[in-house]
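A short write-up of the structure that comes next.
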Amino acid sequence: MISRNTKQKKLISTEIKSFNRFFNADELYDRIRKKDKKIGIATIYRALRYLKKNNELCSYVCERKIIYSKDNRSHCHFICDKCNKIEHINLNRLDFLKKYIHGELCYVQIDVSGICERCKNKN
């Protein structure tokens, strides 16, 4: 998974494989620190950057943080223009985008803005 095989890199790789959802660098660091106190956050960031560069991880922006996924999952939000509430949207099918893409669609990140139900009902 990561270039040279060291004990730290094996641990990082194992912990990433254990996630079955999106995760961020801090969550990965917290898990790893419980097993090896010597690993620093800079090592985590270097490993994540390497894995992303080599297409072994996908990254997205969620609430101004970079999150990662070991799978090609799409990450979508609905953001209310009035209250700024962010709601995660699960898009299972991306067929509607295929006619606009000249190539193979793997995953997307979409932010949709509008007025949420609560704010809409206030007016």
**Q.** Under 5 Å, built H, 5+ apart or other chain: amide partners of HIS77
**A.** ILE89, ILE110, ASP111, VAL112
Q: Using Cα centres only, tell me the gap between the stretch 1-73 and the stretch 93-123 in whole Å.
A: 27 Å
**Q.** Chain lengthening between GLU104 and CYS119 when straightened (0.36 nm per residue, less Cα-Cα)
**A.** 1.6 nm
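All of the numbers you see were taken from the coordinates with simple rules; none came from a lab. These numbers were taken from a predicted model, which means no experiment stands behind them.
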